[in-house]
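The block underneath contains the structure these notes are about, expressed in structure tokens.
Read-outs: derived from the displayed coordinates by stated rules, not from any lab. It should be emphasised that the depicted structure is a prediction, and the values quoted were computed from it without experimental measurement. Every residue, glycine among them, receives a Cβ derived from its backbone with ideal geometry; neighbour counts consider all protein chains shown.
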Amino acid sequence: MDELQELLRPLLRGTVVTVELAVISTVLGGILAFAAGIGKLSGNWLIKGLAVIYIEVFRGTSLLVQMFWLFFALPLIGISLDPFVAGIAALSLNIGAYGAEVVRGAIQAVPVGQYEAATAVNFTRRYTLWNVVLPQALVEMMPPFGNLVVQNLKDTALVSLITLTDLTFAAQTVRNLTHESIPAFTATLVIYFVLAMIFLAGMRALERAIARRVGVAQERARG
Amino acid sequence: MLFGIPWDTSSNLNFAISILPILLRGLWVTLQATVLGFAIALMLGLVLAILRMAPYRIISWPVGLFTEFVKNTPLLVQLYFLYFVLPDFGIVFPAFLTGAIALGLQYSGYTAEVYRAGIQAIPRGQWSAATALNMPMLLTYRHVVIPQAIPRIVPAMGNYLVSMLKDTAILSAVTVMEMLNVANIIGDRTFRYFVPLTMVGGLFLVVTLLSSALVRFLEARLPKDGIPLK
């Protein structure tokens, strides 16, 4: 029994690191997603250009390449990042770029009549965005956001390759201690799966809460 | 020197030019892994999708759980699982093949969902009409369902192909000599990581933009009312 505990302890410690990474990078990625997604629709060419370049670069290259670049390449031009910071930065920037496309798509899906009505009652552009467009778009964003949150959770496994002791790293440790691969990796896969289900359930609860606040739920129920 | 090709470290530009052919060798492996992995994902995903829609819960339920499990756990851990566990059963594959299987396995979870959504989007009336004409199940799939499902399936599959292309970089973790691993080896030997890693990022960007454009092109040329199977 003590031996089992000895083996489970690294996995649990790794799970804590994985959850920390996933939560922090999801929140930061969400902020980036709104900034870049709204920025891509901006009338200002500089903001629009920056948003497009950011989205294309981070969606067009591998997350692992981005992570290695931040961790191994940046120090050579004088910017050294702690592995945790490099990992968080790569994960947030990557998932933020994917999220930006979701934000842009959802905003563009808001019917044009809503903008016209807002103009008719003399709302400013900013007021229209925050109080008319985004609340409706937010409801549409939630299901794809749920997928991205799980995607990001799975992506955290890559930080083990830049020396962070997350769950995947712990699986390797346990494998080296026990010289057995099946229990170490099976337990790890199961923990990731359970975490993914918890994250998905959390996102669904958030989705319902937002829909209720915005009032879409009742509208949909009435059909 | 790698693959018999020397590098020139006299300046960053010369270094970049001299390692480009080496990185392109790696890119070739990247593309091969993508093609093989995607072929596996397309076939395994179809099997999973059909089994998941089976009318018997004893089949559909475990297949559904397997699909969800594969989809919701990290590729890297699945890769380690195959890489370290298969040899325990006496199955020893080269790292490249293990990597392609891992890619195929992870993405079969996604492709299965695409097939299922594509097939379930076929209106019920089509099934009823086939039944009314006394068409057997297999013929119904072949002549009615699949031809109409293809235009709905192709765009989503294209996106996953591009996504898989980027995920091949993960195979570097099990010694596959794809582009990222090649860049790392160059970095290890020259202590210059900046140029090779930046070039790998650039090459990935070029290849994904090109393949996305190709997918859009194919998408636009697909007849919307279906493709007859000969």
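For the reader, a short list of remarks on this structure follows.
- When you work out D = kT/(6 pi eta Rh) for region A:1-114 at 4 °C and 1.567 mPa s, using the Kirkwood radius from C-alpha pairs as Rh and the Stokes-Einstein form, the result is 81 µm²/s.
- Its residue count N fixes a reference of 2.2 N^0.38 Å for the protein assembly as shown, and the Cα radius of gyration divided by that reference is 1.06.
- The modelled label-to-label distance for the pair B:I59/A:N131, using points 7 Å beyond Cα in the direction of Cβ, is 5.8 nm.
- Counting only DSSP H runs of at least 4 residues, each contributing -39500 (n - 2.57), and dividing by the residue count of the protein assembly as shown, the helix-based mean residue ellipticity at 222 nm comes to -25500 deg cm²/dmol.
- Arranged from fewest to most other beta-carbon atoms within 10 Å of their beta carbon, A:I95, A:I77, A:I191 become A:I77, A:I191, A:I95.
- Shielding by other protein chains, B:203-211, mean Cβ within 10 Å: 3
- Projecting label points 7 angstrom from Cα along Cα→Cβ for B:I91 and B:L209 puts them 4.0 nm apart.
- Averaged over residues, the count of other Cβ atoms within 10 Å places the peptides A:173-184, B:16-27 in the sequence B:16-27, A:173-184, highest first.
- Among A:N122, A:A211, A:N147 the positive-end extreme of the charge dipole of region A:114-223 (Cβ point charges): A:N122
- Rule-of-thumb Rg ratio for region A:113-223 [Cα; 2.2 N^0.38 Å; N residues]: 1.65
- Estimated dipole of region A:85-189 in Debye, rounded to 20 [Cβ of Lys and Arg +1, of Asp and Glu -1, Cα centre]: 200 debye
- Dipole magnitude of the protein assembly as shown, debye to nearest 20 (Cβ charges: Lys/Arg +1, Asp/Glu -1, about Cα centre): 1480 debye
- Values of log10 I(q)/I(0), in the order q = 0.09, 0.15, 0.17 Å⁻¹, for region B:12-221 under a Debye, Cα-only, solvent-free model: -0.45, -1.00, -1.16
- Counting Cβ atoms of other protein chains within 10 Å of each Cβ in A:49-62 and taking the mean gives 4.
- Seen from A:Y98, the other residues with C-beta closer than 14 Å to its C-beta sum to a net charge of +1, counting Lys and Arg as +1 and Asp and Glu as -1.
- For B:77-83, mean number of other protein chain Cβ atoms within 10 Å: 6
- Cβ-to-Cβ counts within 10 Å put B:K71, A:K154 in ascending order as B:K71, A:K154, the fewest first.
- Within a Gaussian network of chain A (alpha carbon springs, distance under 10 Å), most fluctuating of A:G87, A:G146, A:G105: A:G105
- Kirkwood-based shape ratio for region A:2-222, expressed as Rg/Rh from alpha carbons: 1.07
- Relative intensity, log₁₀ I(q)/I(0), of region B:77-140 from a Debye sum that treats every alpha carbon as a point, q = 0.12, 0.15, 0.19, 0.22 Å⁻¹: -0.54, -0.63, -0.74, -0.88
- Once both labels are positioned 7 Å from their Cα atoms along Cα-to-Cβ, the gap between B:S11 and A:V110 label points is 5.2 nm.
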